[in-house]
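Student: My questions all concern the structure below.
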Amino acid sequence: MTTAAILDPPVLVLPPGGEATCLLTVRNHTDIVEGYQLEVLGDIAPWVTVDPPTLRLYPAGEASVRLTVRIPPSARVTVQEVPFAVRVTPIERPADVVVPEGVLRIGPIVALGADLLPETSKARRSAGHDVAVDNTGNLPLLVELQASDPDGVLTFRADPATMTVPPGEAMISQLRVRHRGLRWRGKPTPRKFRVSVTAPEAPPVVLNGTAVQQPVVGAWLWKAAAALVALALIGAGLWFGLVKPAVKSAADQAAQDAVAVSASQAAAAKDAAGGGGGGEAAPSASAT
C-alpha cells in the first residue's frame, strides 16, 4: 500500500451545542513527492471543516489534518450515530485512494427560541398576542410561559401555559393581556410587560412587549364636538347674516302686497255699492 490514512479517534462524540474534532494522519509510502486531496463523505459532510483540505508529502513522510464537526442551528437532527468517511486521493497515483471510516455520535441538543407577535397591541381593555415557541434541538421540550408587568396593572392568561414542543417544530400559545381598569379619557398609555419562556436544561427566553391602553373617550370625540360647534356657529351666522334678512324682506313684501290687495278689494266694493243706490232713487223721484 502506497498510502495510509488513520482517523484518531474513529468515533466522535458531539456534545450538546458544541463541536467535535479528530485528526486524520496520512503517510506517504512511495518514493516520490505526493500530493493528496481530502474529501469528507456521508450525511455530515456539509458540517465538517477540513484544515488543510490538501496535503503534500515527501517519500516516507506523514502529516495530520484536523476535522471539525459543527451542526448549524438550522439543521434538524436527532440523537443518533452517523457513519462518515474521508476519501484520501493521491494526485500522482489516484488509483491508490484510501477511505478511512468513522462514526459521529450526536448527543442531545437543547435549543429554544421564541417570538412575540405583535410586540405592541392597542386596546381599551384587553388585547391578544401570539407567543411562537421554536424547538431547534433534537429532544422534545416541555415549555412553560409566564408573563408579568413591573407596575402590576395588567393581568395575563396564556393558552396553553405549558406545552410539549417536538424537536424541530414550532408551536403557538395565545397570550391575553388585560388592563385592570378602564381609562376614560386622556392620552393612550403604554404599559410594558415581559414574557418568560422556559424549558428544563435550556436557557430561558425573555420577550418584551407593550400593551397600549386607549381611552374610552378619545381625542377624536373632542374634535368631533368642536367640529359640531363650529358648524352650528357657521349655521347661525348664515341664518342671521343671509337667511333671516331675506326671509324678513320677503315677509314684509308679502304683507305689503296683502295690504294693497285688501285696499283694492275694499275700493272696488265701495264703488260697486255706490253705483247700485243711485239707480233705485231716480224712479222714486219721478213718481212724486
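The values are calculated or read from the model by the stated rules, or taken from the named source; none is laboratory data. Treat the numbers as computed from the prediction; the structure is a model and nothing was measured. Cβ coordinates were reconstructed from backbone atoms using ideal geometry, including for glycine residues, and neighbour counts include every protein chain displayed. Surface accessibility is based on the protein's heavy atoms, side chains included, excluding ligands, DNA and RNA. Shrake-Rupley method; radii C 1.70, N 1.55, O 1.52, S 1.80 Å.
Student: If you take just the strands (runs of 3 or more DSSP E) that sit entirely in the stretch 1-98, which of them hold at least 2 residues that are in contact with a Cys (Cβ under 7 Å, 6 or more places away or on another chain)? So that I can check it myself, show each step before the final result.
Tutor: On the way: elements: 3-8, 11-14, 19-28, 34-41, 48-51, 54-57, 62-70, 80-90.
Output list reads 3-8.
Student: OK, next. So how many residues does the stretch 99-127 have that are assigned to a loop (DSSP other than H, G, I, E, B) and among the acidic types (Asp, Glu)? Let's see the steps before the verdict.
Tutor: Of the stretch 99-127, the ones assigned to a loop (DSSP other than H, G, I, E, B) are 99-100, 107-111, 118-119, 124-125.
Within this subset, residues satisfying the condition of being among the acidic types (Asp, Glu) are 119.
Matching residues across the stretch 99-127 total 1.
Student: Being within 27 Å of Val153 (Cα to Cα), open to solvent by 80 Å² or more (accessible area, probe 1.4 Å) and at pLDDT 75 or above is true for just one of Pro204, Pro200. Which residue is that?
Tutor: The conditions single out Pro204.
Student: Please list, ordered by first then second residue, the pairs with beta carbon atoms under 9 Å, 6 or more apart or interchain, first in the stretch 95-117 and within 30 Å of Glu34 (Cβ to Cβ), second crowded, with 20+ Cβ neighbours inside 10 Å and aromatic (Phe, Trp, Tyr).
Tutor: Pairs that qualify, where the first residue is within 30 Å of Glu34 (Cβ to Cβ) and the partner is crowded, with 20+ Cβ neighbours inside 10 Å and aromatic (Phe, Trp, Tyr), are Glu101/Phe84; Gly102/Phe84; Val103/Phe84; Leu104/Trp47; Leu104/Phe84.
Student: Among the residues of the stretch 142-153, is there at least one that is touching a Lys or Arg at 6+ places or on another chain (Cβ under 8 Å), open to solvent by 80 Å² or more (accessible area, probe 1.4 Å) and more than 30 Å from Gly42 (Cα to Cα)?
Tutor: yes
Student: Only one of these conditions is not met by Pro16: (1) touching a Pro at 6+ places or on another chain (Cβ under 6 Å); (2) open to solvent by 50 Å² or more (accessible area, probe 1.4 Å); (3) modelled with pLDDT of 95 or more. Which number is it?
Tutor: The number of the failed condition is (3).
Student: Filter the stretch 1-13 for residues that are open to solvent by 50 Å² or more (accessible area, probe 1.4 Å) and among the hydrophobic types (A, V, I, L, M, F, W, C); which is nearest to the chain's Cα centre (by Cα)?
Tutor: Val13
Student: Of the residues Leu67, Leu23, only one is modelled with pLDDT of 95 or more and either under 30 Å from Glu169 (Cβ atoms) or open to solvent by less than 50 Å² (accessible area, probe 1.4 Å) (or both); which?
Tutor: Details: Leu23 fails: either under 30 Å from Glu169 (Cβ atoms) or open to solvent by less than 50 Å² (accessible area, probe 1.4 Å) (or both).
Of the residues listed, the single one that is modelled with pLDDT of 95 or more and either under 30 Å from Glu169 (Cβ atoms) or open to solvent by less than 50 Å² (accessible area, probe 1.4 Å) (or both) is Leu67.
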